[in-house]
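The values are calculated or read from the model by the stated rules, or taken from the named source; none is laboratory data. Worth saying up front: this structure is predicted, and the values here are computed from it rather than measured. When we count neighbours, we look across all protein chains shown, and the Cβ atoms used for this are built from the backbone with ideal geometry, even at glycine. Please note that ligands, DNA and RNA were not included when accessible areas were found on the heavy atoms of the full protein model with its side chains. Shrake-Rupley method; radii C 1.70, N 1.55, O 1.52, S 1.80 Å.
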Amino acid sequence: MTNLNTATNYTVPSHVPAELVKCVDYNNDPALKLDPYLALAPLHDGPPVFWNPLNTRHDGRGTWDVARASYMREILADQETFSSKNCAGFSALIGESWLMTPLEIDPPDHGFYRSFLNPLFSPVAVKKMDERIQARAQELIDGFKDRGHCEFISEFARPFPIAIIMQLLGLPIDELDMFIDWGQRLLHGDTIEIQAQAASEIHLYLKDRIAEKRRAPQDDFISYICKTEVDGRRLDDGECMGICYLMFVGGLDTVASSLGFQFHHLATHHDHRQFLLDHPKKIPAAVEEYLRRFSSVTTARQVTKDIEFHGVTMHEGDWLTLCQPITSVDPLEYENPMEVNFDRRHRHLAFSFGPHFCLGSHIGRRELNVALEKILSQLPNLRVAPDSQVISHGGAVFGIAHLELQWDT
């Protein structure tokens, strides 16, 4: 990745040593379009914690960035020192103050919300969803399998997980294209103005849906959180918005990102593809390795007090950027980290770590397993279309923007 340390249009706080300043553009560096993980790998040769003045979204100053998986684990586990409040910042984009719940809620209040949300995303609950997950995957595959080719991201990777979350929320599937458009603008818009407009449209949409479900509850997620009493009270509109917004955003891009990287790798590595065809029981292990190798989410934490963290002085109010794509290929954490190894024992951070371990991890894993099972069995000679361009991207969620695949029919 290009180091922009020669740039002069930034300021560095007085407590940041000059030798810890490293400018990295996770959004627009051209190297991200070729291979974002290869582009980020050189960061492991520098300081494990560095000040990046280009990360200005939270307070305009920059952030401490972390290049070591063990350090990231420490930060994610210590909510007293590293707060998650406002870490996503979508409400601030539109001048609101509700928090994405429980993502932006610190313990002990975080446990209040997890206590009644966890049962909705448990392995038992996901098992009840399995028929609709399998049916949706098959419906999409049927739309292109006899054609011999597809643009995988738009025809499967995005619509598959988004449709599942829409069904869970009780939202009409005929609005799928609108949801996909919102997701692209919110998470990958070229300007803050584009992202804010998408954030506002999503907010207004969910506000109307919450009001509808309060008036006429049905058998769906939004109705559940509107009518359920916890500790003798019902959630207010701000709490319902925070939960619904998180569920909405959480289903937009993370699984789609994993699917894109996963199937690009299988389409370009015949040996791994054939191994899974010959050993389908290894698919769950393959999913875990792909989650490790292609971890994609970037999140943030804010320092709550002046501290020294592994020799680095951090001040109260400093922000930290936690970029999983860096730590997923940390050579101090994983032997031969760039290599895909289905026998690897995992401690990956794809679903975060600590109190904020991903609420939807069981759904995500099931979607990825179903996709691998169904596509490999029906399109066994999958490959990247000759002369096509595979385009990757950085941003809040790293991913593949365009992937043309073909197979024999």
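Just a yes or no: is a residue in the stretch 232-240 assigned to a loop (DSSP other than H, G, I, E, B) and within 21 Å of residue 90 (Cβ to Cβ)? Yes, the stretch 232-240 has at least one match. The set of residues in the stretch 53-101 being touching a strand residue (DSSP E or B) at 6+ places or on another chain (Cβ under 7 Å) and polar (S, T, N, Q) consists of 55, 63, 81, 83, 84. Within the stretch 323-336, the presence of a residue that is in contact (Cβ under 8 Å) with a residue 60 or more places away in the chain, β-branched (Val, Ile, Thr) and closer than 23 Å to residue 405 by Cα is excluded.
Remark: pairs (first residue in the stretch 207-225, touching a residue at least 24 places away in the same chain (Cβ under 8 Å) and assigned to a helix (DSSP H, G or I); second residue of a type in the set (Gly, Ala, Ser) and open to solvent by less than 40 Å² (accessible area, probe 1.4 Å); Cβ separation under 7 Å; 6+ apart in sequence or on different chains) = 213/223; 221/170; 222/170; 223/170.
Considering 83, 122, the condition of being open to solvent by 10 Å² or more (accessible area, probe 1.4 Å) and more than 30 Å from residue 376 (Cβ to Cβ) is satisfied by 83 alone. Number of residues in the stretch 44-77 that are over 16 Å from residue 311 (Cβ atoms), open to solvent by less than 10 Å² (accessible area, probe 1.4 Å) and either aliphatic (A, V, I, L, M) or assigned to a helix (DSSP H, G or I) (or both) equals 3. Applying the set (1) open to solvent by less than 60 Å² (accessible area, probe 1.4 Å); (2) farther than 19 Å from residue 297 by Cα to residue 104 leaves exactly one unmet item: (2). Find the residue count for the stretch 358-393, including only residues that are small (Gly, Ala, Ser) and within 21 Å of residue 139 (Cβ to Cβ). The total comes to 3. Which ones in the stretch 294-311 are open to solvent by 10 Å² or more (accessible area, probe 1.4 Å) and either out of contact with any Asp or Glu (no Cβ under 9 Å at 6 or more places or on another chain) or under 19 Å from residue 351 (Cα atoms) (or both)? Hits for the stretch 294-311 are 294, 297, 298, 299, 308, 311. Exactly one residue among 303, 340 is touching a Phe, Trp or Tyr at 6+ places or on another chain (Cβ under 8 Å) and under 29 Å from residue 104 (Cα atoms), and that residue is 303.
The rows are residues; the columns are (1) open to solvent by less than 10 Å² (accessible area, probe 1.4 Å); (2) touching a residue at least 24 places away in the same chain (Cβ under 8 Å); (3) not aliphatic (A, V, I, L, M).
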residue	(1), (2), (3)
242	yes, yes, yes
254	no, yes, yes
263	yes, yes, yes
279	no, no, yes
317	no, yes, yes
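Taking the stretch 211-236, which residues are open to solvent by 20 Å² or more (accessible area, probe 1.4 Å) and among the aromatic types (Phe, Trp, Tyr)? Of everything in the stretch 211-236, just one residue is open to solvent by 20 Å² or more (accessible area, probe 1.4 Å) and among the aromatic types (Phe, Trp, Tyr), namely 224.
Among residues of the stretch 184-202 being without any contact (Cβ under 8 Å) to a residue 24 or more places away in the chain and open to solvent by less than 50 Å² (accessible area, probe 1.4 Å), the one that is nearest to residue 257 (Cα to Cα) is 189.
The sole residue among 181, 142, 174 that is under 26 Å from residue 396 (Cβ atoms) and open to solvent by 30 Å² or more (accessible area, probe 1.4 Å) is 181.
Looking across the stretch 378-409, the residues that are open to solvent by 50 Å² or more (accessible area, probe 1.4 Å) and free of Cβ contacts under 8 Å to residues at least 60 places away in the same chain come down to 386, 387, 389. Is at least one residue of the stretch 382-397 modelled with pLDDT of 95 or more and under 25 Å from residue 58 (Cβ atoms)? There is no residue in the stretch 382-397 that is modelled with pLDDT of 95 or more and under 25 Å from residue 58 (Cβ atoms).
What's the number of the only condition in (1) modelled with pLDDT of 95 or more; (2) surrounded by fewer than 24 Cβ atoms within 10 Å (Cβ to Cβ) that residue 291 fails to meet? The failed condition is (2).
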